[in-house]
1. Near the amide H of Leu612, under 5 Å away, which other amide H atoms are found, from residues 5 or more places off or on another chain, if H is placed in the peptide plane?
2. Taking every pair of alpha-carbon atoms in segment 1-130, what share in percent sits in each 5 Å bin, from 0 to the bin with the longest distance?
3. Mind listing P(r) for segment 122-161? All alpha-carbon pairs, 5 Å bins, whole percents.
4. Which of the aspartates and glutamates could a cross-linker span from Lys608 if the Cα-Cα distance has to be under 12 Å and same-chain partners fewer than 8 positions apart are dropped?
5. Once the convex hull of the alpha carbons of segment 438-537 is built, what does its volume come to per residue, in cubic angstrom?
6. Over the Cα atoms of segment 225-369, Rg to Rh with Kirkwood Rh, two decimal places?
7. Under 5 Å between amide H atoms, partner at least 5 residues away or on a different chain: which partners does Thr641 have, H built in plane at 1.01 Å?
8. Using only Cα atoms, figure out Rg for segment 59-186 and give it as a multiple of 2.2 N^0.38 Å.
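The values are calculated or read from the model by the stated rules, or taken from the named source; none is laboratory data. Quantities reported herein were computed from a predicted structural model and do not represent experimental measurements. Reconstructed Cβ throughout: ideal geometry from the backbone, glycine too, with neighbour counts over all protein chains shown. The protein model used for the area step is the full one, side chains on, heavy atoms only, and it has no ligands, DNA or RNA in it. Shrake-Rupley method; radii C 1.70, N 1.55, O 1.52, S 1.80 Å.
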Amino acid sequence: MSAHQGFRREWRGAVEATLQGLINVVSPVLLFVLLLGPDSLEAGLWATLVTASVVPAVALLLRGHRAILSSARIASLAVYIGLVVQLCQAMGFVPATGSAFTLWQLSVGLAAASVMFVVACLLVMLAGFLKFGTAFKMIPTPVTAGISNGIAVILIMLSLQQLTRSAWVASITACAMVTCYFGWPVLQRRLTWLSGAPAIVFTCIVGVVLTWLLEPTLLVNSPGAATSWGWVSFRLWPLLGGQNMTQLLAVGLPGAATLAFVMILETFTTAAAMENRFGVRVDPNRELLVLGGANLVGAVLGGVPSTGSIIRSLAGWLQGGRGLPAALIGLALTSGLLLWLGSWLMVLPAGIVAGFFLVQAGLTVNLASLQRLLAMARSRKWRSTGTQDLGFWITLVITLTTVFGNLIWACCLGVGLSCLAVLRRVSSNLMAQWADLGSYRSRRVRSYGETMTLARLFRRVSVLRLTGHLFFGNSMRLTQLADDLHPDAVAVTIDVSQVHDVDASGVDALKWLIRTLIERKLTVVLTGLKHTRSDLLRLPLQVMEGVVFCADLDRGLEACEDHVLLNATVVAVALQSNPLSANALLQGLDDNEITAVLLLGEFRDVAKGAALFYRDTPADGIWLLESGVVSILTGNGDTATRLATFGPGQFLGEMSFIDGKTRSATAWADSPVRALLLDNDALASLALHQSAAALTLTRNIAQELSHRVRYASALWADESGEVSSVWGNSALNSQSQF
């Protein structure tokens, strides 16, 4: 992009932001006259000029973010004017006529309010110094979207009020301005020579021309007021000499704190809107310092609160005004318009004002929530699943609160609802619960008798998985878990591998729970201690007595299952050895065929802690286990992930018979193992001389693989990611292709 084109974009953005935000700029004088009486016109004009020119200039000098253009906004301005009224009443001033104060009363009230305004600015700056900006910046997206939609609805309502109180000329003018503004981009695409012209300029021209043609008298009325240096705040402060300052501070300090809070909210909602829409990044603490410092100058000179303006910022950024030139041009244009037009801005024709309001509403509304509302209206389905629907309803509630309440209510309600939504999402962390063998099973391959016994006694083992943070927010819940334990439980597994952080109360609560369970004569297995990232949790727990420590949840579950099987009154306990003739691979063979197969194999004895085979080594055949236990691991050592565990009567390494590829995992002897190895040559000889037996072996392998795959599919289909039936452990065993 050339320098000339870049300047054109900056100019266009500055013009767009200036004209779009014109209503916000002149809102001080409008509200001053409406709420404080006609004598406040000159004070309002002076406050408008200071707020629109001096405060933005100071913000630029303090190097505020250029994406956030400041202006007077309704919420903070209403709080400020309310503060003026409260202070006047605290000093015993009574409006002379209706809601109007005398000129002297108004002067004293503005002097007192400006002092409180200074206090509010200092509070904003203090928040920046104390690095509170990040906390204020964490305004959820539904809050900013709801406030934007609420402002858009308010603008539409204001425009309708303007139109219903005016003649038909106003309606025609407003409709023409809206059509011109939103239709201008279409015309620019067809006529490229119009590409550099801001839409808002021609929108204003259309409004003025139509008003002049249809009712020219509307453009010549003016109240004839002018600005005055007499409304500079520090020149009014001597008027407070005879007042009770203690009483004024008691009344004004809460209002000052409220004003500071509203100023921060208005600015950070603008920052959030710019970040969400354009990806700009704002330093929140620096922005607080800029906000407080710039407004401090304005408070001393007689201005009113100036905060980030969503309308001005969006309008300027959309048209390319994203640099210092746009900010300087916008400042000059705004100041020039106020000095040139002056109080004439108060009597803008209703059609032009309504047109401005409608254009601003179109820019302010959150498009995503509007599209969601339209889709719901078309489909007549008012509810869907997921957090997107939850965010939409929060947005809708905040929108209605903004319209029928105020900005403070909307922000507080929005933050509260968002926090509840977050708590709902993380309730699994904050509200941990016991599970049992109906939800979790180890990857140990059990015999049919063992499986049926564990299915019948699944309540004997309780499982507690702790995730996220253990802190004061869930420590009380941990102490309650001892009472929630099922009375049939004899062994518990507590997994802490997914605990990221803890505080002292969380550690104390967990230690109390473990001690309580041990005192009840339960077997307590603690797993995942080596994997947790918190030393504050690891060090106290690893020295606790009476606890069985296992590397991971899988091994902890196996330990609990073994405890249940060993203590079951009626149980088919796994045999320490199983005749090879009863091996699952040989099912369906007659005695002669079994003898022939066994003669082809080679007996192997493997010591505990040794490997039957290693990952990535050539496949040597199928292993038939006669005694001992073998685990299939992704690597070596106790910390390796276990894929499955096999015992007597089972076989492993069968994939070598299918594809002949290298081993995909390591087979590790958990105890002394005696097995028969049918190597590849033996299997080839069997296929050549005993084809029927070889076919039966192949069918047995296929049935085993089918069994594993079937239950693996059932496991991974479980949305919880955990085993949901007592048969689910077979699914995990299918993960290896040994």
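1. Distant-sequence amide H within range of Leu612: Ala667, Trp668, Ala669.
2. 2, 9, 15, 20, 17, 13, 10, 7, 4, 2, 1, 1, 0
3. 6, 20, 15, 13, 13, 15, 9, 7, 2
4. List returned: Asp670.
5. Working: hull volume 10.2 nm³, N = 100.
So the per-residue hull volume is 102 Å³.
6. Values: Rg = 18.6 Å, Rh = 18.4 Å.
Expressed as Rg/Rh, it is 1.01.
7. Thr634, Gly635
8. Working: Rg = 20.6 Å, N = 128, 2.2 N^0.38 = 13.9 Å.
The value comes to 1.48.
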